[in-house]
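Inspection log for the structure reproduced underneath, given as C-alpha cells.
The values are calculated or read from the model by the stated rules, or taken from the named source; none is laboratory data. These numbers were taken from a predicted model, which means no experiment stands behind them. We place every Cβ from the backbone using ideal geometry, glycine too, and count neighbours over all the protein chains shown.
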Amino acid sequence: MVIESLYRLGLQFRHLAYDKGWFASETPPICTVSIGNIVIGGSGKTPIVQKIAKEFTKKYKVAIALRGYLGTVEHLDKPILVTPETEAALCGDEALVHAVNLPDVSVWAGKSRVQASRLAANHGAEVLLLDDGMQHRKLKRDVEIVVVDAQDDLKEQKLLPFGRLRDLPERLRYADAVILHNAKEEWPDLKTFTDAPVVATRMEVSKDTAAFLNGKKIAYFCGIGRPERFEETLLALGATIAAKYWLRDHAAIDPKQLSQFCIKAKDQGAEVVVCTQKDFVKLQQTSLELPLHVVQAEALVIGGELAWNNLLKSIMQKIQQRKQES
C-alpha cells in the first residue's frame, strides 16, 4: 500500500502547510460557511447545501460558490454567475441544480473560490456557502460543516486510490458540525474522530413523486455518486424496475443512447422513465419514447434537532459579526 501511504503523507503535508501559514489562505469579504465531505461522490452534500441556503434566504442575501465540476467553467479565468438558463455543459450539473432550485440565491461556478467570494460580495451577498469546500483551503471560513454518509464505516474506508476517502477522517475534529446523511435508526459513532455536534438527515421524496411511482413499472437512469441508493429509494416507493441505465457521476447524457434505452425499456414493460433532478438538468432533449418523471426530494432533519438549531444560530451570529466588522 505504498501509493496509499504516499497519498496520506501528501494530505498531511498539505494541511500542515495551511495550518502553519506556509500556504496562503485568504479571508473572504463576507461570512463564509464551508459544506464539504471527506469521500468522493454521493455523500449527500448538495441537498444539505440547499437546505442551509433556504434557511438563510429568509433573512439574508445568500450566495453559493462551487467548482462547476466537469463544466467548461473549470478552465475559465473568472467564475460565472449561474442562472436556470445556463447550460450544464458550461457550469456543471450541481451548479445548475442550485440555480434552478434556489431562485433567491446567487450561484457562482469556477475554479477560484477566492474570486467567487469577491464577486458574490460585490453582488450583495451577506453569506457565502462553499459547496464542497472542505479541501479548498485557499479560502478561510467562519463555519466548517462536514457531511458524512451514515452508511460509511470510516474506520474501514481506505484512502484513494484504493478506497473512497479523499481526505483524512481525523480532519473531522476541525468541524463545527457533522451531518450524517442517509441516516437510519442507528447512527455510527464518530467519537473516535470528533467531538463536534452531530445532525442526522435523510432524503424525503415529495408526496407527488411518492404517489406517482407507487405501483408503477418503471425504467430509470442516473449519473450520480451512489446510483444504488437511488434504486433503493424507487423500490421503497413501491415501483417495480424494468430497466436501468447507470452513468458515471456527473457524466453527460448521450441523447441517442438515452433514446435507445427508453425504447428497450418500453419493450420490457416500463410505463415511465425516471431520473434525478441532477440528471434532468443535463438533458439535451425531453422527447423520449416514455413519459419522463423527475424525482423531487429534499433533505430532512431526523435527529440532532438541537444541534441543528444551534448550528443555524451560530451561523447567524457569524453573519451579524462579519456585517458589523465590514
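Across segment 269-326, the number of residues qualifying as part of a helix (DSSP H, G or I), under 30 Å from residue 212 (Cα atoms) and of a type in the set (S, T, N, Q) comes to 1. Number of residues in segment 161-174 that are under 16 Å from residue 13 (Cα atoms) and either modelled with pLDDT under 90 or touching a helix residue (DSSP H, G or I) at 6+ places or on another chain (Cβ under 9 Å) (or both): the value is 4. Just to be sure, is residue 111 of a type in the set (Lys, Arg), surrounded by fewer than 21 Cβ atoms within 10 Å (Cβ to Cβ), under 25 Å from residue 40 (Cβ atoms) and free of Cβ contacts under 8 Å to residues at least 60 places away in the same chain? It is true that residue 111 is of a type in the set (Lys, Arg), surrounded by fewer than 21 Cβ atoms within 10 Å (Cβ to Cβ), under 25 Å from residue 40 (Cβ atoms) and free of Cβ contacts under 8 Å to residues at least 60 places away in the same chain. Going by what's in this entry, would residue 286 be described as in the same structural domain as residue 229 (by TED's automatic domain parsing), within 27 Å of residue 204 (Cα to Cα), polar (S, T, N, Q) and without any contact (Cβ under 8 Å) to a residue 40 or more places away in the chain? Answer is yes for this residue. The residues of segment 225-247 that are more than 16 Å from residue 296 (Cα to Cα) and among the hydroxyl-bearing types (Ser, Thr, Tyr), listed by number, are 240, 245. For segment 114-129, the tally of residues that are farther than 23 Å from residue 93 by Cβ and either in contact (Cβ under 8 Å) with a residue 40 or more places away in the chain or basic (Lys, Arg) (or both) stands at 6.
When the criteria are applied in full, residue 236 fails the requirement of being surrounded by 14 or more Cβ atoms within 10 Å (Cβ to Cβ) and of a type in the set (A, V, I, L, M). If we keep just the residues of segment 202-222 that are part of a helix (DSSP H, G or I), touching a strand residue (DSSP E or B) at 6+ places or on another chain (Cβ under 8 Å) and of a type outside the set (Phe, Trp, Tyr), which is surrounded by the most Cβ atoms within 10 Å (Cβ to Cβ)? Ranking the qualifying residues of segment 202-222, first place goes to 213. Of the residues making up segment 25-53, those that are at pLDDT below 95 and of a type in the set (A, V, I, L, M) number 3.
Results for (1) aliphatic (A, V, I, L, M); (2) farther than 30 Å from residue 236 by Cα; (3) modelled with pLDDT under 95; (4) in a loop (DSSP other than H, G, I, E, B), shown as yes or no for each residue.
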{"position": "121", "(1), (2), (3), (4)": "yes, yes, no, no"}
{"position": "135", "(1), (2), (3), (4)": "no, yes, yes, yes"}
{"position": "152", "(1), (2), (3), (4)": "no, no, yes, yes"}
{"position": "155", "(1), (2), (3), (4)": "no, no, yes, yes"}
{"position": "189", "(1), (2), (3), (4)": "no, no, yes, yes"}
